Amino acid sequence: MFKLVHPRSWDPVVLHDWFNLVVIAILNVENMTYLATGKGFELFFTSAMVYFLLDTIFVGVYPQSVKSPVVILSHHICTALYMLIPYTHPQYQWCMAYCMLVEIN
């Protein structure tokens, strides 16, 4: 972790992988909580949007951190736009939760 103090000594690929492992694990817990209780959608939605925003910025700045940066960036932008549907139409919140189950992989 101390390697992050010196930007030239850390690997964007490793940092991106660890970021994804931690954040997606948190998103999965929030998603399962929402699916089990029907509560906490706002937290889940906000966390997912923040994840997509941060990951989009990171991949945009460090495209070498992933194998297909254009695909990842396109996916994040499309997903964030589609996520506005359950946000603006609460009756579809369950759809987002079930679609996000793909992140369990």
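Specify the residue that is nearest to W10 (Cα to Cα); the eligible residues are those in segment 69-105 that are open to solvent by 60 Å² or more (accessible area, probe 1.4 Å) and assigned to a loop (DSSP other than H, G, I, E, B).
If we take residues in segment 69-105 being open to solvent by 60 Å² or more (accessible area, probe 1.4 Å) and assigned to a loop (DSSP other than H, G, I, E, B), then N105 is nearest to W10 (Cα to Cα).
Counting only residues that are modelled with pLDDT under 95 and not in a helix (DSSP H, G or I), which one in segment 1-47 is farthest from W94 (Cα to Cα)?
This residue is H6.
Out of all the residues in segment 59-68, which are open to solvent by 80 Å² or more (accessible area, probe 1.4 Å) and outside any helix (DSSP H, G or I)?
Matches in segment 59-68: K67 only.
For segment 7-27, which residues satisfy the criterion of being exposed (fewer than 15 other Cβ atoms within 10 Å of the Cβ) and in contact (Cβ under 8 Å) with a residue 24 or more places away in the chain?
V13
The values are calculated or read from the model by the stated rules, or taken from the named source; none is laboratory data. Nothing here was measured: the structure is a model prediction, and the numbers come from that model. Cβ sites come from the backbone with ideal geometry, for glycine too, and all protein chains shown count toward neighbours. Side chains included, ligands, DNA and RNA excluded: accessible areas come from the protein's heavy atoms. Shrake-Rupley method; radii C 1.70, N 1.55, O 1.52, S 1.80 Å.
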